[in-house]
Amino acid sequence: MDLFLVFAVLFVALAFTYTNGFHDTANAIATVVGTKVLTPRQAILLAAVTNLFGAFFGLAVAKTISSGLVDARFVTQEVLICGLLAAIFWNLLTWWFGLPSSSSHALVGSLVGAALAGAVCMNAVTPLIGKDGKPGSVWSAIKWEEVKDKKEKKLVPASAEVVAALGERVKTNGTHTVSIGTNKFQAVVFAGRVGTVEVVEKKNGDKGGLYYKVVIPMVTSPLMGFFGGMTFMALLYTLLRNWRPVTVNRLFGKLQLASSAYMGFSHGMNDATKCMGIITLALVAATSKGLFSNVPDWASFLVTKEGSNPLALSLGDHLVAMLPSFLHFGYMPNPADIKSQGIPNWVVVLCALTMAAGTAAGGWRIIRTLGHRMVKLQPVHGFAAETTAATVLAVAASLGMPISTTHAITTSIMGVGCAKRFSALKLKVVERIIWAWIMTLPATAGVAFGLVWLMSKVGFVKF
């Protein structure tokens, strides 16, 4: 039964990733379709490919989802299934009504609601005990705000001593530990370049939890999208004021291909990685319980142990290594914590392909809302909106913040429209979108809470 639940989590997580793909396809391609630079089929193909490659980079969001928002004590695999089902329900509901709501916030709200219900159900069986030995609170299931000291790793050019200590390992990409006398150093090797890892202590530098990773970005990312889009578009108006309209459309019709690819790549970085953390969490738990001890050799890939990837190179790092050296532009992998659990490569590939398949399915209802109904777009507007939104997403993904792709692109489109005149916006459509945003977190949390509570009553969820 436990092994069945592991595969059930895998299946439901992939189902959410698929719905995320077709739900958020519109975010990556609505503007390029709305400006008629690409046909819908061409745009979906571009989005699917760039989503696929974007998923290979920036796994910080996966770590936030898997361990940074709720207490793992209250999240069993049954609870995970209920939470994912609630997120899928909300994705399908908003897709049906053509509302560009946030899949990211749907997943976060569902996890929070499911974990809270898990704490309530567990407390009903055995009263919770806090770390201080006193009666615990069910609210401890949510990691609201965490501030800790942070050890920040950065790369500096390696000395000749470190390079010599590496020996033949200087030809192997990845993070290595070298000894020089009584001292040990970490060195990162990539494409013949070597950097030494320096650790900088930052007091209260690690800020995590729902407040810092979700609530603050939920407010700031739309503002950044709106004002960033407005500022960028105003700058373009200033630079292009003496250009002929036909020349502007011809140039930005080509540039929008690049901005759409950038948007798809950033979307893959932020969205496709969310369920990777959930699947990895389920695999590590199953491995530690010995559920995979008797699996046949062909299924040995399921065994996932902590610290099992000593070189800690991501698939994105391997892809960059395959490029000619002049295209590396000095790229170096992030210094890795070799003790922490990395995301297995097969999980990355499976989630990336599922997201790409969902993207290929399209989301025409939402495309109509974003690409046509909110504001009339020309190629220059689409370029400005996509570049702004993609930059917001890429920065947030590198910081491990699961922000909303929908919020970023929608507010960027609003800002671009307002750069010319505020009357360009269709306020009734905007009002519907904002209400969908406001409702996402409480609605998904409520559905997940109710589903976990109901499943505990029928015996599916046990504590």
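The values are calculated or read from the model by the stated rules, or taken from the named source; none is laboratory data. Just so you know, these numbers come straight off a predicted model, no measurement behind them. Glycine gets a Cβ as well: all are built from the backbone with ideal geometry, and neighbour counts include every protein chain shown.
How many residues does region 228-275 contain that are touching a Cys at 6+ places or on another chain (Cβ under 9 Å) and within 26 Å of Leu107 (Cβ to Cβ)?
Going through region 228-275 one residue at a time, the tally reaches 5.
Would you check if Ala424 is modelled with pLDDT under 70 and either more than 22 Å from Phe226 (Cα to Cα) or among the aliphatic types (A, V, I, L, M) (or both)?
So Ala424 fits the description; yes.
Are any residues in region 191-226 over 25 Å from the mean Cα position of the chain (by Cα) and under 30 Å from His318 (Cβ atoms), and if so, which ones?
Of everything in region 191-226, those that are over 25 Å from the mean Cα position of the chain (by Cα) and under 30 Å from His318 (Cβ atoms) turn out to be Ala191, Gly192, Arg193, Val194, Gly195, Thr196, Val197, Glu198, Val199, Val200.
Considering only residues of region 45-85 that are of a type in the set (D, E, K, R) and in a helix (DSSP H, G or I), which is modelled with the lowest pLDDT? So that I can check it myself, show each step before the final result.
Quick first cut of region 45-85, residues of a type in the set (D, E, K, R) only: 63, 71, 73, 78.
Applying the additional criterion that residues be in a helix (DSSP H, G or I) yields 63, 73, 78.
Numbers: Lys63: 68, Arg73: 76, Glu78: 85.
This residue is Lys63.
Go through region 132-167 and give me each residue that's at pLDDT 75 or above and at positive phi.
Gly167
Is at least one residue of region 313-333 in a loop (DSSP other than H, G, I, E, B), surrounded by fewer than 20 Cβ atoms within 10 Å (Cβ to Cβ), modelled with pLDDT of 70 or more and among the small types (Gly, Ala, Ser)?
yes
Could you tell me how many of the residues in region 380-400 are within 19 Å of Val219 (Cα to Cα), of a type in the set (A, V, I, L, M) and buried (at least 24 other Cβ atoms within 10 Å of the Cβ)?
Selection size over region 380-400: 7.
Could you check Glu168 against (1) part of a strand (DSSP E or B); (2) without any contact (Cβ under 8 Å) to a residue 12 or more places away in the chain; (3) over 16 Å from Pro335 (Cα atoms) and say which number it fails?
Status for Glu168: all satisfied but (1).
Across region 93-107, which residue is modelled with the lowest pLDDT among those that are within 16 Å of Ala30 (Cα to Cα) and out of contact with any Lys or Arg (no Cβ under 7 Å at 6 or more places or on another chain)?
Filtering first and then ranking leaves Pro100.
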